[in-house]
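**Q** Okay, here's the structure, questions in a sec.
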Amino acid sequence: MDYGTLLQILDTTLRLSTPLLLACLAGLFSERSGIFDIGLEGKMLAAAMASASVAFLTGSVWVGLLAGIGASLIFAAIHGIASITFRGNQLISGVALNFLASGITVLIATALFAQGGRTPPLSVEEGTRFGELTLPFAEALRGVPVLGPLYYEVISGHSLLVYVALAMVPLSWWVLNRTRFGLRLRAVGENPAAVDTAGVSVVGLRFAAVAITGVLCGLAGAYMATALQAGFGREMTAGRGYIALAALIFAKWRPVAALWACLLFGFFQALALRPDVVEAVVQVKVPVPLLDALPYILTVIVLAGFIGKAIPPRAGGEPYVKER
Amino acid sequence: MDRLPRWADVVLVPLVSLTLAAIISALVLLSIGQSPVEAFNVMVEGALGSAYGWGYTLYYTTSFIFTGLAVTVAFHAGLFNIGGEGQAQLGALGVALVCLSIDWPHWTLALAAAATGAAVFGAAWAAIPAYLQAKRGSHIVITTIMFNYIAAALLVYLLVDVLRPDGQMDPASARFPEGTALPTLNQIPVIQQFYAVLDAEGVQRVNSKGELMFTGVPANVTLFLALAMAVVVWALMWRTRLGYQIRAFGKSEPAARYAGINPVWIIMVAMLISGALAGMMSVNNVMGEAGRLLQNSSEGAGFIGIAVALMGRNHPLGVVLAALLFGFLYQGGAELGLILQIPPEMRIVVQGLVILFTGALDMMVRMILTRIFGLFRSQRLGAA
């Protein structure tokens, strides 16, 4: 494998890691506040459909992005009402919302465009899709050996949302570890009774966390439909919400580790697209389905605890009952 | 909080949840420009309006009984098995390997062997997540989801590279031998009279070989196997020591531990039974209908088991009734696609809504009902 191919794969890795990273950070906020969310997948899917449809109908990818965030927030609100207000089973609520999203996105897209559940193609020229940004000096530094092409091919030339996702990593770290809100959020996921005793609203904090999850999943879904691809197709998220959950566990619910976990899973997805390269490197013909299954197999190995023990937030999944 | 009367808890809560799901579904239909009343009529006519429709409704029902029971057994142990889909796909592989292994002389033998193969493969696929949960504390919800994806990839590989006969284009196994064909409802004596093909004068028509003609439907003898398994699961859960241990463990793990129940053993057994039941579903579609192994053979039936188990309140009788309801929904939903051009995804929407209302918003329904009952009670006290 030559340097050029490696750069191509790393470039694809970054593209494919972005939705995982946004969804993973989304799950991080929710789970750190004590609300399990296996509905990341559904929220991404709803956001993908809404953003692609609205971007096409209004001709503006920005309005589409807002619509995607809005759709994701609606699903987040239902999850919040079910699991915080009515203290329902958070896992079941997540599963239900995933099914709901899977069906309703196709119904709405079919009703709007009559293209079998797809949205019409979006394009950068018409302003309905995110274009690629060239970072400063990328052209000028291209000639520098080794690092120049790395900067030009891998780091530069992505859509804005990729850089937003990367910026979310230090931001999430700062919010969770250096702000009053973040401290309370983490506390409510470990010991809600103590937070309640201190006079801070458990319900309010948890709803805030679920709303942040909604916004980040909205970004992830909008990125899928308006940047990574040019439009919405049925089931286009293809289990990324679950891979993001796996990355979250792998990262032990920490933002910076989440970045590395998502890059790793994105790298596996990028490899699955290039079976020829894999074959050249390992010298054995590897079946494509095995490459497709690799992120899931790795997740199981991670979950099995062979790579360090992952301890979830202590109050995760348990509804809080005041004055028990 | 006041408690609901038992009859309200068993009957009224699911009915109200179902009604809420139906109302939202109707709103969804309205929002995509369809008439809910017309859609409902089409569904009833298509699924229940003829023996032919029942032949399909009961075919779906059969699959859903198996997967519903699978989720139920795991639920009783406090485990949420979302892996029914993957376990069913592996069960399908078991069915195919058994059916293709020898030239079966009679379908009864083939059915017994295929059901065993399906159960073993399904259970094996559930065994790894179960072991990881029991021994290493890996969350079974995430591992079973991962195993669904791994199962799908494994079957793609096997069907494309291993099981596909030479010279065949589509990724599927070879056709099963004649002896594995299960009798469908139109081939079973007595029941087949419902499927008699009549001419204008009401006399049953005869084909060129002089045999009486019947309309073919996919519902087959597996239906009776499914009903038998419902009875077996009931007996297991409520009439045996093991069932008691599983339920005790699901209610309170510390109490079960204190009573000397081995958690590793219970998690393993409950998940193996669950996986076996999910796997057995594939007898119905792979052996009873397709006659060969196709890609994505279970078509989401494993997931519907979740809705069926929640709707059926985790009781085998409830599961059978809920499976019938979802059988109606699936056959009716297919008719919606044919007649009103409503995408079949409508079925997934209803499925999601049923899970949401019966599983996650259960407390909301209960709170509303408790308040209503409270009103009646205070009125009665006021009158007295």
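**Q** Cross-link candidates for B:K135: which lysines have Cα within less than 30 Å, leaving aside residues fewer than 8 places away along the same chain?
**A** Of all the lysines, those that pass the test against B:K135 - Cα under 30 Å, at least 8 places apart if same chain - are A:K252, A:K309, B:K251.
**Q** Using Cα springs under 10 Å in a Gaussian network model of chain A, which residue among A:G239, A:G305, A:G103 shows the largest mean-square fluctuation?
**A** A:G305
**Q** Tell me, what is the percent relative contact order of the stretch A:3-238, built from C-alpha pairs under 8 Å that lie six or more residues apart?
**A** Dividing the mean separation by the residue count of the stretch A:3-238 yields 39 percent.
**Q** What residue among A:V203, A:V61, A:V300 has the largest mean-square fluctuation in a Gaussian network model of chain A, using Cα springs under 10 Å?
**A** A:V300
**Q** Please work out the C-alpha center-to-center distance from the stretch B:366-381 to the stretch B:314-346 and express it in whole Å.
**A** Going from one Cα centre to the other spans 34 Å.
**Q** Order B:H315, B:H76 by their accessible area, 1.4 angstrom probe, all chains in place, largest first.
**A** Working: B:H315 65, B:H76 35 Å².
My answer, sorted largest first, is B:H315, B:H76.
**Q** Share of the protein assembly as shown's accessible area from carbon and sulfur, percent, 1.4 Å?
**A** Details: 19630 of 30190 Å².
So the carbon and sulfur contribution to the accessible surface is 65 percent.
**Q** Go ahead and set up a Gaussian network model of chain B, Cα springs under 10 Å, then flag whichever of B:V11, B:V232, B:V95 fluctuates most.
**A** Highest fluctuation of the listed residues: B:V11.
**Q** Does chain B come out rounded, prolate or oblate, given a ≥ b ≥ c as the square roots of the eigenvalues of its C-alpha gyration tensor, rounded meaning a/c under 1.5 and, failing that, prolate meaning a/b above b/c? Mind dumping the intermediate values first?
**A** On the way: a/c = 1.84, a/b = 1.19, b/c = 1.54.
Since a/c reaches 1.5 but b/c is at least a/b, the shape of chain B is classed as oblate.
**Q** Go ahead and estimate [θ] at 222 nm for chain B from helices alone: -39,500 (n - 2.57) per DSSP H run with n ≥ 4, summed, over the residue count, rounded to 500.
**A** Working: 14 runs with 247 residues, N = 384.
One gets -21500 deg cm²/dmol as the mean residue ellipticity at 222 nm.
**Q** How would A:D11, B:D161 line up by accessible area, probe 1.4 Å, largest first?
**A** On the way: A:D11 25, B:D161 95 Å².
Largest accessible area first, the residues go B:D161, A:D11.
**Q** Using only the Cα atoms of the stretch B:84-150, build the gyration tensor, take square roots of its eigenvalues as a ≥ b ≥ c, and label the shape rounded, prolate or oblate: rounded if a/c is under 1.5, else prolate if a/b is larger than b/c, else oblate.
**A** Working: a/c = 4.08, a/b = 2.83, b/c = 1.44.
Prolate is the answer for the stretch B:84-150, as a/c is 1.5 or above and a/b outweighs b/c.
**Q** Looking at chain A, do any whole DSSP H helices span at least 30 angstrom along their long axis by alpha carbon and average -0.5 or above on Kyte-Doolittle, and which?
**A** On the way: long enough: A:3-32 (40 Å, 0.79); A:90-113 (34 Å, 1.79); A:202-223 (32 Å, 1.77).
Passing helices, by number: A:3-32, A:90-113, A:202-223.
**Q** Using only the Cα atoms of the stretch A:3-238, build the gyration tensor, take square roots of its eigenvalues as a ≥ b ≥ c, and label the shape rounded, prolate or oblate: rounded if a/c is under 1.5, else prolate if a/b is larger than b/c, else oblate. Before the final figure, lay out each step's value.
**A** Numbers: a/c = 2.48, a/b = 1.31, b/c = 1.89.
Because a/c hits 1.5 or more and a/b fails to exceed b/c, the stretch A:3-238 counts as oblate.
**Q** Same structure again: Return the tail of the calculated pair distribution for the protein assembly as shown, meaning the percent of Cα-Cα pairs more than 36 Å apart. Could the numbers behind the result be given before it?
**A** On the way: 111279 of 250278 pairs.
Tail of the P(r) past 36 Å holds 44 percent of the pairs.
**Q** Roughly how much of B:I82 is accessible, in Å² to the nearest 10, using a 1.4 Å probe?
**A** 10
**Q** Might you tell me the accessible area per residue for the stretch A:83-156, computed with a 1.4 Å probe and given in Å²? Present the calculation step by step, with values, prior to reporting the outcome.
**A** Details: 3510 Å² over 74 residues.
That works out to 47 Å² per residue.
**Q** Do any GluC sites (Glu not before Pro) in the stretch B:114-212 lie in a DSSP loop with no more than 12 other beta carbon atoms within 10 Å, and if so, which?
**A** Numbers: sites: B:E178, B:E201, B:E211; in loops: B:E201, B:E211.
For GluC sites (Glu not before Pro) across the stretch B:114-212 that sit outside H, G, I, E and B with at most 12 neighbouring Cβ atoms in 10 Å, the list reads B:E201, B:E211.
The values are calculated or read from the model by the stated rules, or taken from the named source; none is laboratory data. On a predicted model such as this, the values are computed, not experimentally measured, just so you know. For neighbour counting, all protein chains shown are included, and Cβ atoms are generated from backbone atoms with ideal geometry for every residue, glycine included. Protein only, heavy atoms only, side chains kept; ligands, DNA and RNA dropped before computing areas. Shrake-Rupley method; radii C 1.70, N 1.55, O 1.52, S 1.80 Å.
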